[in-house]
1. How many of the residues making up the range B:463-506 are part of a strand (DSSP E or B) and either among the aliphatic types (A, V, I, L, M) or under 17 Å from B:S425 (Cα atoms) (or both)?
2. Among what's in the range B:46-59 and is under 20 Å from B:K26 (Cα atoms) and of a type outside the set (A, V, I, L, M, F, W, C), pick the residue that is nearest to the other protein chains (Cβ to nearest Cβ).
3. Picking from A:K26, A:K62, A:K43, which residue would you name as being among the basic types (K, R) and within 8 Å of chain B (Cβ to nearest Cβ)?
4. So for the range B:286-298 (the condition being surrounded by fewer than 23 Cβ atoms within 10 Å (Cβ to Cβ), within 22 Å of B:L30 (Cα to Cα), of a type in the set (K, R) and touching a Leu at 6+ places or on another chain (Cβ under 8 Å)), does at least one residue qualify?
5. Out of everything in the range B:129-151 that is open to solvent by less than 10 Å² (accessible area, probe 1.4 Å) and facing chain A (nearest Cβ under 9 Å), what residue ends up being farthest from A:P72 (Cα to Cα)?
6. Any idea which of B:G89, B:G108, B:G38 is in a loop (DSSP other than H, G, I, E, B) and either within 10 Å of another protein chain (Cβ to nearest Cβ) or more than 30 Å from A:E158 (Cα to Cα) (or both)?
7. From the list B:E470, B:E485, pick out the single residue that is in contact with a strand residue (DSSP E or B) (Cβ under 9 Å, 6 or more places away or on another chain) and exposed (fewer than 15 other Cβ atoms within 10 Å of the Cβ).
8. Considering each of B:R365, B:R371 in turn, give the residue that is basic (K, R), open to solvent by 10 Å² or more (accessible area, probe 1.4 Å), closer than 13 Å to B:H303 by Cβ and touching a strand residue (DSSP E or B) at 6+ places or on another chain (Cβ under 9 Å).
2 protein chains.
Amino acid sequence: MAKKEKTAITPTREEDYPEWYQQVVKASDLAERSPVRGCMVIKPWGYTLWENISRSLDDMFKATGVKNAYFPLFIPLNFLQREADHVEGFAKECAVVTHHRLEKGPDGDLVPAGPLTEPLIVRPTSETIIGESFSKWISSYRDLPLLINQWANVVRWEMRTRIFLRTSEFLWQEGHTAHATAAEAEQRTRMMLDVYADLAENDLAMPVIKGRKSAAERFPGAVDTLTIEAMMQDRKALQAGTSHFLGQNFARASQIRFQTPEATEEFAWTTSWGASTRMIGGLIMTHGDDDGIVVPPKVAPAHIVLLPIVRKEADREPVAAYVEALAAALRDRTYAGKAIGVEVDNRDIGGARGWDWIRKGIPIRVEVGPRDIANQAVFLARRDKSHREKTAMDRNRFVDEAPVILEDIQRQLYEKARTFRETHSRRIDGKKDFWAFFTPKNPEAPEIHGGFAWSHWCGSEDCESRIKEELGVTIRCIPLAAEPEKGGCVCCAQTSDQRVVFAKAY
Amino acid sequence: MAKKEKTAITPTREEDYPEWYQQVVKASDLAERSPVRGCMVIKPWGYTLWENISRSLDDMFKATGVKNAYFPLFIPLNFLQREADHVEGFAKECAVVTHHRLEKGPDGDLVPAGPLTEPLIVRPTSETIIGESFSKWISSYRDLPLLINQWANVVRWEMRTRIFLRTSEFLWQEGHTAHATAAEAEQRTRMMLDVYADLAENDLAMPVIKGRKSAAERFPGAVDTLTIEAMMQDRKALQAGTSHFLGQNFARASQIRFQTPEATEEFAWTTSWGASTRMIGGLIMTHGDDDGIVVPPKVAPAHIVLLPIVRKEADREPVAAYVEALAAALRDRTYAGKAIGVEVDNRDIGGARGWDWIRKGIPIRVEVGPRDIANQAVFLARRDKSHREKTAMDRNRFVDEAPVILEDIQRQLYEKARTFRETHSRRIDGKKDFWAFFTPKNPEAPEIHGGFAWSHWCGSEDCESRIKEELGVTIRCIPLAAEPEKGGCVCCAQTSDQRVVFAKAY
């Protein structure tokens, strides 16, 4: 048996994927559990990543005419109840505010006081509270379309939480639009899905499949839910963004009406769409390896770390001067429209220093010592390659080519992820093969198995729920781009017109 | 009696200042009341203003080494209780979460269910929850200073609310830092006050006085609170940002300890500092007039609106082409480091269109009709001048000079506000004059009166509270820049070494 190579993260993905995820989040310094049940603390390295993701999304939203606004954190209980499916979908996970002050209780401790006449729900999503504003802002077709987005925190009380993937509080954006026609609202629903796919593929280097959710998987109250689905390295799917066509359901619930050019009155057609800090979980599980996370350059909190090598005191000053000049030269270059982000790590902690940055996934590490200065060179390592692979490079050439190297890393990450997804995607026909694909070989110690099954589905909720119950597998989406094709349902063998994507999922 | 000029806002500032404020907020399309008690909806025009303010602040924070992070919305009750003064200060205005789901009650309606074992407080401020993280992140002097900021919503349950000035939920940033020495923490407290003053004066064109709060006005739990105070047009003061030196109080409460280079263990010295959407209230009341708000160019959601004048159908196309080219040329120019923001308003609603933009306070309005095209000109109005004052200007010259005109508006706004403040600031000695200054002449219909009184104070809480009770006047700050000067307290005539600033306040 080959000697197992030492890795920075224990266990490895192969050994215990869920535990690898927890360890890699911790080691990467992105975030940590908070003492508040189910909530996370997003640390500076993770928050800067979120800032980069959200600014990129925000620019794309604005380019389509969307404007930002802000609505209350609290939703009166009666608002939430206005749409029956909606409240049903969220009732089990609502944080409820019932009091508005604290008072000394009988034993001297502070206890809740000032009971509210109506409880307030901490927003799990804002269709109903934003709908109330829309009903006041819209009176004529001239007020349409109304295109609004909000950056906010939301709370969905979760019993089993995992940082970034499922937390009681998370950060997100929620877009809400109102239109005069169903067609225009449907077009907007699709447009915003395309924005999410653009972000996922081009910024996060995370290939996604765009598709439609089955009725059972729709957002509570929606007519249609579109989704982007990505494959994680345990071959499970992650829903990374959704865009909902709400028909007139929420307009009716919130009385969003407008006068048409013909002076009739109609309910508006609305959409909503959201993406959250969950995408960071997707990024970790798409690119991370057994040494830590790997951050795609387009959204990296910093692009390059410079590691001065000082073995004797006489070297300290010349090395520091060389490094500072190099940092300044690099910061003058741009990558993807922004100045290159450079960190200089002067800590005197030996090899632990380089490993810190490997775990944090910075795209490029550069060591600079007296020998490099003599050669006017740098010593370069790329996070998308083995940690042992280091290359000497002319200093000026490196400064010039840094943007090219970053773009190459970005592209390599995407290609690697796409190849991984293709390797673990199968067109599967027939129940036996389908069941086998999703069944671990050793149920005692379930290994990573399965992937995306492109298979036929008859369209019945019976087959869908049977597959979910027996295999823990769901229809991730009915792909928008799939070719029509006749076939037989993998569950009941009845006729089907299109393959859908089945997978286990987060 | 001179005929009263018609104004866009009714009542005028002179007639009823508080009501003018409500009307001007509404007419400016910045924000509105929400159906949730005490909470506001920030509309796109207001939110974009907030984005500009917050990005400017964020850049300044980052330039001093501060990094952003994010901490939980909820604070366990026992955390809040760790600092006695702190919990005492906030207990009366806490939104309390007591349940985590909804269930059908006996009459079929949804009622709170799943009681929490410990109530959670929706953060009114985050010293205690961030302190918990700091206690884990800091173990050695090498971990210091720790410089963290959070952009977040906070909730302080208010009984009497006013949009932007005092709302139950508001948006803010809260910075939290930890240091190895008291001196370094005090220096940081002052540094962040300077950042706020820089933002207020240079971006918001709002002159401020930097000073120290008296003990009675300190942040609950702080050793020292620094503040910037601005004068509104009703001559009241607005506290626009505060920076607190917390000593070791919160470090002790949260057990934030570090090992010194000498291997002893000490509590860290911490600071916190915050500024909020309240600054928008300050901006409105500093620059607004009886026609609406006036937005300083540096933070304006847009700088210039182009108003095409189309009187006959044949003009429509050439005017549109001229306007679009003009918009593009202007957007290619920068002001204060950003592309000039240009709106084109094609609505066919006559004179109401120009008045909309006057009320919204956009710095420059430009009318373009067939005659202007013939002359290669534009017809220009500045929001800092009378709405009747319009100037024809060569089109190309306008494009070239737009940044200069914007900077002139910015400067004029600041100068006007500073002159207003100086006009209504007095050095007042002696009780009689002091009482007269702050007493309305007609108590039946209290007119705008008073201002900033620079007066001597003996330092006793007795005098301070007597002035507060009898006149509703507080010590806004003990100015940092004031000269030492011997004098007698305006209340008790005892000796004093420095004048302080007294005013009525928001």
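1. So the answer is 12.
2. Restricting to residues being under 20 Å from B:K26 (Cα atoms) and of a type outside the set (A, V, I, L, M, F, W, C), the top hit is B:Y47.
3. Residue meeting the stated conditions: A:K43.
4. The answer is no; no qualifying residue exists.
5. B:S133
6. The unique qualifying residue is B:G38.
7. Only one candidate passes the filter, namely B:E485.
8. B:R365 is the lone residue from the list that is basic (K, R), open to solvent by 10 Å² or more (accessible area, probe 1.4 Å), closer than 13 Å to B:H303 by Cβ and touching a strand residue (DSSP E or B) at 6+ places or on another chain (Cβ under 9 Å).
The values are calculated or read from the model by the stated rules, or taken from the named source; none is laboratory data. Please read all numbers here as calculations on a predicted model, not as lab measurements. As a convention, Cβ positions derive from the backbone with ideal geometry for all residues, glycine included, and neighbour counts pool all protein chains shown. Keep in mind that these areas ignore ligands, DNA and RNA; they rest on the heavy atoms of the full protein, side chains included. Shrake-Rupley method; radii C 1.70, N 1.55, O 1.52, S 1.80 Å.
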